[in-house]
1. With every protein chain kept in place and ligands, DNA and RNA left out, what is the accessible area per residue of segment 1-122? Probe 1.4 Å, answer in Å².
2. Taking just the C-alpha trace of segment 46-112, give me its Rg and Dmax in Å.
3. Could you list, in their original order, any pairs among 65/93; 65/94; 59/105 whose Cα atoms are separated by more than 22 Å?
4. Label residue 80 and residue 7 with points 7 Å out from Cα along Cα→Cβ: what is the distance between them in nm?
5. Kindly provide the chymotrypsin sites (Phe, Trp or Tyr not before Pro) of segment 71-113 that DSSP labels as loop, not H, G, I, E or B, and whose Cβ sees at most 15 other Cβ atoms within 10 Å.
6. What spacing in nm lies between the two simple spin-label points modelled at residue 21 and residue 47, each 7 Å away from Cα in the Cβ direction?
Amino acid sequence: MHHPRPWLRYVEASDLDNPAFDFDGLEVENAAGDKLGDVNGFILDADTGRPYYVVVDSKGWFKTKHYLIPIGHARLDAGRRVLAADLTRDQIKKFPGFDLGKFEKWTDEDIERFNRETADACCVDVVVVSTEPATSWTGWAHYRQPDWWQSNYYLPSRAGAAGCAR
């Protein structure tokens, strides 16, 4: 696979190993209770299991079938069995679309453009202070590791050769 970030992987929610909780098809809602779609998977670091984005199946209300929510904007509400996003539907409508079939071909420029467009839509009042390009993931609060995520949810050994970057 040619990918500028070989460590960056799309992982289907059904491939995560969490015996206490099933992410596959988990509903995604915002604070107003608007249904935003269902969890389809995650974009994560294949070596560490650290997530960067939740891949959401929009069920047709968004401009493309899938879109990405930065992981720092999502929290797990296990009691209600939903993934709660701190974003409005209007903010998400401004997100760039996400095509699963084209993700592996993204260049550094594609990743940087996508990250900046997403930040412009969801973090309009936040100034990113970083000397690194937007592909570095540093200085971006919306990529903070959520307290509900366990790095052992993703086991590279379950994914064979495609699961490990090295």
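1. Result: 46 Å² of accessible area for each residue.
2. Considering segment 46-112 through its Cα atoms, Rg and Dmax are 13.1, 40 Å.
3. Values: 65/93 12 Å; 65/94 14 Å; 59/105 24 Å.
As for pairs spanning more than 22 Å Cα to Cα, those are 59/105.
4. Modelled inter-label distance: 3.5 nm.
5. Qualifying residues, ordered by number: none.
6. With each label placed 7 Å out from Cα toward Cβ, I get 2.7 nm.
The values are calculated or read from the model by the stated rules, or taken from the named source; none is laboratory data. Keep in mind that what you see is a predicted model, and the values were worked out from it rather than measured. Every residue, glycine as well, gets a Cβ built from its backbone with ideal geometry; the counts of neighbours run over all protein chains shown. Calculation scope for accessible area: heavy atoms of the full protein, side chains included, ligands and nucleic acids excluded. Shrake-Rupley method; radii C 1.70, N 1.55, O 1.52, S 1.80 Å.
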